[in-house]
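Visitor: This is the structure I want to talk about, given as structure tokens.
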Amino acid sequence: MSSSIVIVGAQWGDEGKGKVVDILAEYSDIVVRFQGGNNAGHTIVVGDDKFILHLIPSGILHYGKKCVIGNGVVIDPAVLIEEIETLKKRGYAVNESNLLISKESHLIMPYHKVYDVARERLKGESKIGTTGRGIGPSYEDKVARCGIRCGDLLRKNIFFEKLNENLIEKNRFLKDVLHEDGFDAQKIYKQYMAYAERIGGHITNTSIFLDNAIKQSKKILFEGAQGTLLDVDHGTYPFVTSSNTVAAQAAIGSGIGPTKLGMVIGVSKAYTTRVGEGPFPTELKNEEGDRLREKGGEFGATTGRPRRCGWFDAVALTHAVRVNGLESLIITKLDILDGLDEIKICTGYDYNGRILEDFPSDISVLQDLKPVYETLPGWEQDTQRAACFEDLPLNAREYIKRLELLAGIDVIMISVGAKRKDAIMVKNPFET
Ligand code: GDP
Ligand code: IMO
Ligand code: MG
């Protein structure tokens with residue numbers, strides 16, 4: 001029986017991690033975000049109510065669960081406060097006992113957001129297509145050892161000192177290189193001290209909290225953000241986000257050792273999507289892609305941008321299985337494939353006549369290859385009504401079995417609609 005489970009996206013993000021974590025949260029005690037920031041948009045639909053969470057873990061909709069924002073996350077306090085307030089207005093409890101924020105998580109500062117947007121503008125055609133939320137620049141400062149952390153909000157003098165130190169360099173860069181206005185230290189100080197008043201009571205040593213929870217055999221769910229192919233090391237670099245999104249980061253980003261992580265589960269859509277720029281071998285720039293976008297409602301939960309759509313990429317999946325150490329798979333949005341005559345799965349890449357079976361890390365190769373497809377028959381019936389695997393149409397079951405075979409791991413949950421109830425749990429990972 002697994003008592004700590006890591007959920008990561010196996011594609012380019014938006015695989016339905018929020019929905020899956022919401023379902024599994026029922027069986028866990030604690031849900032932890034361990035990387036990323038409010039570039040994430042995790043959608044949960046309960047009855048007719050839709051929630052999009054950017055920073056707060058997707059366990060918050062369950063009474064009595066603890067939610068932790070770990071040290072690996074970068075936090076825009078204004079966004080966090082708004083999210084807390086919105087949840088409260090909608091009748092959900094968010095307080096200092098059920099939402100804990102790591103002292104070591106880094107803050108997103110106003111200049112990070114300006115850097116992000118201005119840099120993208122300067123890049124022109126070669127832009128990454130970031131969410132513009134200041135995620136990359138905040139992580140840069142963390143690694144450059146000049147970042148300001150959540151814990152600094154509790155130490156006014158130190159916060160002010162660090163801010164002033166940062167602004168010396170930042171204001172010059174903003175004006176001279178990015179041609180933007182500089183920032184006034186006093187103004188930011190006042191703004192952030194007001195944030196400190198609001199969220200200060202949530203800020204604590206979450207590594208110790210999680211360690212104690214592990215010692216008490218609590219069940220912990222680690223909620224990944226983005227997806228494997230957006231990982232800064234293992235993704236389609238440089239068209240990636242600025243954090244490690246793979247499962248091992250769950251340990252680093254929450255302050256526990258890798259020996260404390262249990263089962264690792266990947267989430268994939270039954271097809272593929274990507275937001276922003278960068279290579280996407282199975283992208284369909286035609287009516288088939290438009291159909292997936294329309295039927296799947298493929299518009300970004302954070303920025304509203306249309307998502308690029310394409311067929312399932314099993315080469316990318318085997319890469320995700322390897323770099324995460326995936327043990328099980330969850331397939332979402334199977335219902336979006338209902339009614340198709342044929343469904344394609346990419347099983348290899350043709351690169352100048354040579355068939356590649358492994359996902360290349362070289363961007364120039366990725367941009368030049370052609371997917372090799374196998375074609376499976378589709379199904380007419382509506383999968384959304386299926387309550388168990390056997391209820392699915394035969395061809396839908398064959399499709400899932402084929403994905404299992406290509407991935408070399410079992411599919412333990414199949415999601416067939418956006419709502420919490422629309423899911424087939426083949427195996428409950430907390431009980432196996
Ligand atoms: P995340 O970032 O991985 O949490 O995924 P997003 O929330 O950004 O995107 C997933 C979208 O698909 C959301 O709008 C979900 O409500 C929706 N969704 C999740 N699972 C299913 C499913 O099985 N079927 C359908 N039709 N929609 C789903
Ligand atoms: P969830 O958690 C999909 C993408 C952006 C851009 C690249 C870098 O909802 O799956 P960033 O702002 O992170 O520097 O942008 O990463 N991106 C996502 N795409 N889902 C996400 O999160 C994403 N978070 C970032 O579109 O291409
Ligand atoms: Mg999303």
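The values are calculated or read from the model by the stated rules, or taken from the named source; none is laboratory data. Note that the structure is predicted; figures quoted are calculated from it, not measured. Cβ atoms come from the backbone with ideal geometry, glycine included; neighbour counts cover every protein chain shown.
Visitor: Run down GLY300, GLY289, GLY310 and say which single residue is within 15 Å of ligand 3 (Cβ to nearest atom) and of a type in the set (Gly, Ala, Ser).
Guide: On inspection, the qualifying residue turns out to be GLY300.
Visitor: Taking the range 317-367 as the region of interest, how many residues are in contact with a Gly (Cβ under 6 Å, 6 or more places away or on another chain) and of a type in the set (A, V, I, L, M, F, W, C)?
Guide: Result for the range 317-367: 7.
Visitor: Name every residue in the range 313-331 that is surrounded by fewer than 24 Cβ atoms within 10 Å (Cβ to Cβ) and within 16 Å of ligand 3 (Cβ to nearest atom), in order of residue number.
Guide: none
Visitor: Ok, one more. Please give the number of the condition ILE256 fails out of (1) part of a loop (DSSP other than H, G, I, E, B); (2) under 24 Å from GLY378 (Cβ atoms); (3) away from ligand 2 (no atom under 14 Å from the Cβ).
Guide: (2)
Visitor: So if I check each of VAL20, VAL68, VAL74, VAL94, which one is within 16 Å of ligand 1 (Cβ to nearest atom) and either buried (at least 24 other Cβ atoms within 10 Å of the Cβ) or assigned by TED's automatic domain parsing to the domain that holds ARG305 (or both)? It would help to see each step written out before you state the result.
Guide: Values: VAL68 fails: within 16 Å of ligand 1 (Cβ to nearest atom); VAL74 fails: within 16 Å of ligand 1 (Cβ to nearest atom); VAL94 fails: within 16 Å of ligand 1 (Cβ to nearest atom).
That would be VAL20, the only listed residue that is within 16 Å of ligand 1 (Cβ to nearest atom) and either buried (at least 24 other Cβ atoms within 10 Å of the Cβ) or assigned by TED's automatic domain parsing to the domain that holds ARG305 (or both).
Visitor: So SER28 passes all but one of these: (1) in a loop (DSSP other than H, G, I, E, B); (2) within 16 Å of ligand 1 (Cβ to nearest atom); (3) touching a strand residue (DSSP E or B) at 6+ places or on another chain (Cβ under 6 Å). Which condition number does it fail?
Guide: The one condition SER28 does not meet is (2).
Visitor: What single numbered condition from (1) surrounded by fewer than 17 Cβ atoms within 10 Å (Cβ to Cβ); (2) under 21 Å from the mean Cα position of the chain (by Cα); (3) without any contact (Cβ under 8 Å) to a residue 24 or more places away in the chain fails to hold for ASP116?
Guide: Failing condition for ASP116: (1).
Visitor: A further question follows. Residues that are in the same structural domain as GLY276 (by TED's automatic domain parsing) and out of contact with any strand residue (DSSP E or B) (no Cβ under 8 Å at 6 or more places or on another chain): which helices (runs of 4 or more DSSP H) entirely in the range 121-219 hold 3 or more of them? Even if it seems obvious, please write down each step before you answer.
Guide: Details: elements: 135-143, 156-176, 185-199, 206-215.
So the answer is 206-215.
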